[in-house]
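Data first, discussion second: the structure below is written as structure tokens.
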Amino acid sequence: MSASQELVPQTESITEVYATDDASVNSVAPEHQQRWTNLITKFDKEYNHRPDFVARSPGRVNIIGEHIDYSLYDVLPTAVSVDVIMAVKVVPAGPSGTTVKIANVAPEKFPAREFSVPHDTDIEIDPKKHEWVNYFKAGLLGALKFLRKENAGSLVPVSMEILVDGNVPPGGGISSSAAFVCASALAVMKANNHNVSKQDLLDLAVVSERAVGVYSGGMDQAASIFSKRGFLLYTQFFPQFRAQHIPIPKATDEITFLMAQSFVTSNKAETAPRHYNLRVAEVTLAAVILAASFGLTLPKDNSSLGYSLRNFHEQLMTKEERLHDPLEYQIDSVIQAVQDVLTKEEGYTREEMAKLLEISVAELESKFLSSFPVQAERFLLRQRALHVYKEARRVLDFKACLAKASQLDDKRIRYLGQLLNESQESCRTSYDCSAPEVDEICAIARRAGTWGSRLTGAGWGGCTVHMLPQGKVEAVTTALRNEYYLKKFPDMSEEKLKQAMVISKPSNGSFVIFGA
Ligand code: NG1
Ligand code: MG
């Protein structure tokens, strides 16, 4: 690790900032001031008093390392400046129990709700009913589970009045869900007088998001909580979570990251059985089948379904190799193993997989395909595993290149761009998580001068990220505007066009604001 790449202290509490001019304390950044003031005013109107505090958590952009967090490989995201801010007033729980009143600054889209919170059981969430408050309930569930454990079961959670303002585009691939769930969990912890550490908030937010029906990997919540302005967040999940702030080196023409929405929305909660959760099942099955073919037994790990491709990698290596070979070499030999063992390009049926594992189809289904719904006839184990290992290797190469010099020369920058383009190609062909619109955006952007362009987030639509010289921003945004947005949506307003393409400035993670 180079000196400028700092390891993040995980036990650190969530930062607190104050809405004040007092220079001796951490104060609200100018970009937050206006939305903060607006939120407080509206809160006052809605509930007739001011809130006690505001909990905030941002969306994220993933620079590289797509769909590998749940296989326990390292990823490189960072927080963006759009976020969810949530004003909260604590109300002592009355004789009728604990209640939550929650409203949104956009009530037409997100109508106000009120519900009661059971004291000794978990709150119920129906992931099939796609309601905005589900994401709050998910954060609440995770936070109360944690608090109940800390209080040895006896907890009377406070009642809360809440007003939410979020400007992370939903279904847009920059993780509105993690921003929402992390802000909610943080709000509940703070309301119940608990100064939560970043690590605890991460652990409970990951569990929370699973309550909305998605077997998420943890990258989004990590980026939303741990990021630091101006840095990328190198995030590791194996053997346990660790994060490092990585500076972006200087270059002759300033390196810029541009995010461009495709406006093809993929609601993960709805499409998960065919997309996201199916991929989680496929990589898990790939791991256990690879292990079985080498006569290896995988110990359980902390991935969604308990067995990850990282786990297989670690078991395959001899102790010497693990100790002495750089991770890059190790991954190369695992790639060879996949090529030798998972030979069926056309994919595997349930019967074929059961046979390879020497179990019945019923057993296979109950072990790997029953914790969440999955719809598929064939499972493309070879392609999915190859994507994961090659993408994991690209992340290592990308990080190593960033660490090599404080000033990046042209050759290195082109190499970083190439890694991003290869990532996109692999998402498109091997992982099948791109979309024609996303491919088109990337092609237009590259022609107009980006070094590298790819999808970011879960994909199947959503958002793209581009690495480009500052001097090309104008050319690239103009090309996207004329060749993609105005062609596909001729009536698109200037306002919407502005939201469609945003320069992503690596931003700070979650914090709590006082001083209303
Ligand atoms: P999105 O759908 O963009 O929030 C998802 C997962 C991540 C990661 C990426 C793909 C959740 C909350 N997030 O992101 O953990 O797996 O896809 O790299 O499920
Ligand atoms: Mg999400």
* Asked: If you scan region 410-424, which residues turn out to be without any contact (Cβ under 8 Å) to a residue 12 or more places away in the chain and surrounded by fewer than 16 Cβ atoms within 10 Å (Cβ to Cβ)?
  -> Lys411
* To do: Select, from Leu298, Leu305, Leu327, the only residue that is in contact with a Ser or Thr (Cβ under 8 Å, 6 or more places away or on another chain) and closer than 18 Å to Phe238 by Cα.
  => Leu305
* Single unsatisfied condition, Asn267 versus (1) away from ligand 2 (no atom under 12 Å from the Cβ); (2) surrounded by fewer than 19 Cβ atoms within 10 Å (Cβ to Cβ); (3) closer than 30 Å to Glu440 by Cα -> (1)
* Structure fact -> Listed by first then second residue, the pairs whose first member lies in region 353-368 and is farther than 18 Å from Leu296 by Cβ, whose partner is modelled with pLDDT of 95 or more and surrounded by fewer than 17 Cβ atoms within 10 Å (Cβ to Cβ), with beta carbons under 8 Å and at least 6 positions apart or on separate chains, are Ala354/Ser360; Ala354/Val361; Ala354/Glu363; Val361/Glu351
* For region 438-462, which residues satisfy the criterion of being within 16 Å of ligand 1 (Cβ to nearest atom), under 16 Å from Pro77 (Cα atoms) and either modelled with pLDDT of 95 or more or surrounded by fewer than 21 Cβ atoms within 10 Å (Cβ to Cβ) (or both)? -> Arg454, Leu455, Thr456
* Which ones in region 195-220 are modelled with pLDDT of 90 or more and more than 10 Å from ligand 1 (Cβ to nearest atom)? -> Asn195, Val196, Ser197, Lys198, Gln199, Asp200, Leu201, Leu202, Asp203, Leu204
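When the residues of region 226-242 are filtered to those that are buried (at least 24 other Cβ atoms within 10 Å of the Cβ) and of a type outside the set (Val, Ile, Thr), which remaining residue is nearest to ligand 1 (Cβ to nearest atom)? Show your work before the answer.
Our first condition is that a residue be buried (at least 24 other Cβ atoms within 10 Å of the Cβ); within region 226-242, this holds for 226-227, 232-235, 237.
Narrowing the set further to residues that are of a type outside the set (Val, Ile, Thr) leaves 226-227, 232-234, 237.
On the way: Phe226: 14, Ser227: 15, Leu232: 15, Leu233: 13, Tyr234: 15, Phe237: 10 Å.
Filtering first and then ranking leaves Phe237.
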* Asked: Pick from Leu163, Leu141: which is within 27 Å of Val105 (Cβ to Cβ), among the hydrophobic types (A, V, I, L, M, F, W, C), within 16 Å of ligand 1 (Cβ to nearest atom) and in contact with a helix residue (DSSP H, G or I) (Cβ under 8 Å, 6 or more places away or on another chain)?
  -> Leu141
* Among the candidates Ala106, Ala112, residue that is over 18 Å from Leu204 (Cα atoms), within 26 Å of the chain's Cα centre (by Cα) and of a type in the set (Gly, Ala, Ser) -> Ala106
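State yes or no: is Thr256 within 16 Å of ligand 2 (Cβ to nearest atom) and either closer than 19 Å to Gly173 by Cα or among the β-branched types (Val, Ile, Thr) (or both)?
For Thr256, the condition - within 16 Å of ligand 2 (Cβ to nearest atom) and either closer than 19 Å to Gly173 by Cα or among the β-branched types (Val, Ile, Thr) (or both) - is not met.
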* One residue from Val388, Val395 being part of a helix (DSSP H, G or I), surrounded by 19 or more Cβ atoms within 10 Å (Cβ to Cβ) and in contact with a strand residue (DSSP E or B) (Cβ under 8 Å, 6 or more places away or on another chain) -> Val395
* Take region 208-230 and flag every residue that is outside any loop (DSSP other than H, G, I, E, B), more than 13 Å from Arg60 (Cβ to Cβ) and of a type in the set (Ser, Thr, Tyr). => Ser208
* Structure fact -> Restricted to region 411-461 and to residues being closer than 19 Å to Thr477 by Cβ and within 16 Å of ligand 2 (Cβ to nearest atom), the residue farthest from the chain's Cα centre (by Cα) is Leu455
* Of the numbered conditions (1) modelled with pLDDT under 95; (2) assigned to a helix (DSSP H, G or I), Gly306 satisfies every one except a single condition; which is it? -> (2)
* Name the one entry in Arg229, Arg210 that is within 13 Å of ligand 2 (Cβ to nearest atom), more than 24 Å from Val90 (Cα to Cα) and charged (D, E, K, R). => Arg210
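Yes or no, residue by residue, for (1) more than 28 Å from Phe312 (Cβ to Cβ); (2) of a type in the set (D, E, K, R):
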site: Ala400; (1), (2): no, no
site: Lys404; (1), (2): yes, yes
site: Asp409; (1), (2): yes, yes
site: Leu416; (1), (2): yes, no
site: Ser430; (1), (2): no, no
site: Cys433; (1), (2): no, no
site: Pro436; (1), (2): yes, no
site: Asp439; (1), (2): yes, yes
site: Ala443; (1), (2): yes, no
* Structure fact -> Ala223 meets each of (1) more than 15 Å from the chain's Cα centre (by Cα); (2) within 12 Å of ligand 1 (Cβ to nearest atom); (3) under 26 Å from Val476 (Cβ atoms) with one exception, condition (1)
* To do: Determine whether Ser333 is within 32 Å of the chain's Cα centre (by Cα), of a type in the set (S, T, N, Q) and in a helix (DSSP H, G or I).
  => yes
* Structure fact -> Filter region 171-193 for residues that are farther than 11 Å from Phe136 by Cβ and touching a Leu at 6+ places or on another chain (Cβ under 9 Å); the one that is farthest from ligand 1 (Cβ to nearest atom) is Asn192
* Taking Ser13, is it surrounded by fewer than 20 Cβ atoms within 10 Å (Cβ to Cβ), among the hydroxyl-bearing types (Ser, Thr, Tyr), within 30 Å of Ser304 (Cβ to Cβ) and in contact with an Asp or Glu (Cβ under 7 Å, 6 or more places away or on another chain)? -> no
* To do: Look at region 154-192 and say how many of its residues are away from ligand 2 (no atom under 16 Å from the Cβ) and touching a residue at least 12 places away in the same chain (Cβ under 8 Å).
  => 18
* Considering every residue within region 86-105, establish whether at least one is under 30 Å from Ser504 (Cα atoms) and within 14 Å of ligand 2 (Cβ to nearest atom). => no
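The values are calculated or read from the model by the stated rules, or taken from the named source; none is laboratory data. Computed from a predicted model, the values in this text were never measured in an experiment. Counting neighbours? That spans all protein chains shown, and the Cβs are built from the backbone with ideal geometry, glycine included.
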